[in-house]
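FYI, it's all coordinate maths here, none of it is from the lab. If you're wondering where the values come from, they're calculated on a predicted model, not measured in any experiment. Using ideal geometry, Cβ is built from the backbone for each residue, glycine included, and neighbour counts are taken over all protein chains shown.
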Amino acid sequence: MKPITIGKLRGLQQISSKRGTFTALALDHRQNLRKANPLFNDDSELLRFKLDVTSALASEATAVLLDPEVSAAQAITSGVVPNHVGLVVAVESTGYTGDATARHAQIIPGWSVDKAKRMGASAVKLLVYYHPDSPTTKEIESFTKNIADECIKHDLVLMLEPLSYSLDENKKLSSEEKRYVVVESAKRLTPLGVDILKAEFPLNPAETNESTWGDACKEISAASIAPWILLSAAVEYDTFAKQVVIACQSGASGIAVGRAVWKEAVTMNGEERMKFLQTTAYKRISRLTSLCHALAKPFHDFYSADAPFDWYKTY
């Protein structure tokens, strides 16, 4: 097992279950929510939606993932994040710059790992668009390493989310290509100082052979030196639930789930929204948390920490 520092261990404990598995309620979406509902171009409306979802569902998760621009501080001040649920805060600007086949990343202007630590975050999440054969590969790796070094400096957990893309802007990645990119991303990026890998399902949704699903997920487990969790990527809930079972049986340590649980609520308002969140969405995330608790690989299998009596002298 890999040695881990006290601060990072505490952060992992705060965002996981008692078994050491993860169910992160993902709500750091910005531009895609504004596109889905024009009312969300008003920050107060977007905030209201995020607070509604958090208040209804966070108690069933082990952590909630929010952004500093619209929701993270407000979720704290409004008291909707339960005391037993960890807080993960995004650090990257939404979207990307550069060409569609050579994407760049940047931190939210005015935001930093240091500020996330000071506000009480248990972890930060960094999203990067990554393809191992892109002209920007080395740049993204260096960018990731710099953020990882900042997290080491502040003893804060780093959750990395690499998103795949095609090097041909006229077509999407094939299932075989996506598998290569997702697995290679795990292999190349986790050694840079990543504590949790937030990985895409390594095949296209059209791939229905569950034996192939398991083989591809096992490849992620073999490639990643950090525990990995499966992101939902806006697939339908029933599909995601099946993916979760296969991924956890293949070595995943949990999930980060957003729209698969709550996306119908995006176009709802008031009582209709809250009724959906408190019934259908609540049942969904409860079920997913139970699956992760039963099947996922605990982070304790990856990390260990020691605390001699004089640890604080060199901390």
Exercise. To the nearest µm²/s, what D does Stokes-Einstein give for segment 1-50 at 25 °C and 0.890 mPa s, using the Kirkwood radius over alpha carbon pairs as Rh?
Worked result: 180
Problem set entry | Per residue Cα convex hull volume in Å³ - calculated over the chain | 129
Exercise. Hey, what does the equivalent ellipsoid look like for segment 72-172, semi-axes from the Cα gyration tensor as sqrt of 5 times each eigenvalue, largest first, whole Å?
Worked result: 29, 15, 11
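Counting only helical runs of four or more DSSP H residues, what would the 222 nm mean residue ellipticity of the chain come to if each run contributes -39,500 (n - 2.57) and the total is spread over all its residues? Walk me through the numbers before you get to the answer.
Values: 13 runs with 131 residues, N = 315.
Counting only the DSSP helices, I get -12000 deg cm²/dmol.
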Seminar exercise, completed: Placing each pseudo-label 7 Å from Cα in the direction of the beta carbon, A305 and A100 end up separated by a distance in nanometres of 4.5
Problem set entry | Highest-first arrangement of 302-312, 158-168, where packing means the average Cβ count within 10 Å | 158-168, 302-312
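Quick one: work out the % antiparallel among DSSP beta bridges in segment 2-314, nearest 5.
Values: 4 of 34 bridges.
Within segment 2-314, antiparallel bridges account for around 10 percent of the total.
Using Cβ contacts closer than 10 Å as the measure, can you line up V64, V266 from fewest to most? Could the numbers behind the result be given before it?
On the way: V64 28, V266 17.
Ranking V64, V266 by Cβ neighbours within 10 Å, fewest first, gives V266, V64.
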For this session: Express in nm, to one decimal, how much length is gained between E236 and M274 on full extension, taking 0.36 nm for each residue of separation and deducting their alpha carbon distance.
Result: 11.7 nm
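Filter the GluC sites (Glu not before Pro) in segment 116-197 down to the DSSP loop ones having no more than 13 other Cβ atoms within 10 Å, then list what survives. Don't skip to the answer; put the middle values down first.
Details: sites: E139, E141, E150, E169, E176, E177, E184; in loops: E169.
Those satisfying the criteria are E169.
Which helices, counted as full DSSP H runs in the chain, have an axial Cα extent of no less than 15 Å and a Kyte-Doolittle average of 1.0 or above?
Working: long enough: 43-57 (21 Å, 0.19); 137-153 (24 Å, -0.64); 175-189 (21 Å, -0.80); 210-223 (20 Å, -0.40); 237-249 (18 Å, 0.42); 282-295 (20 Å, 0.04).
For the chain, where a helix must reach 15 Å along its axis and average at least 1.0, there are no hits.
Do me a favour and compute the ellipsoid semi-axes for segment 176-315 from its Cα gyration tensor, root of five times each eigenvalue, largest one first, whole Å. Please list the in-between numbers first.
Details: eigenvalues 177, 100, 35 Å².
The equivalent ellipsoid of segment 176-315 has semi-axes of 30, 22, 13 Å.
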Problem set entry | Ranked packing of 86-93, 214-221, 275-282, most packed first, by mean Cβ within 10 Å | 86-93, 214-221, 275-282
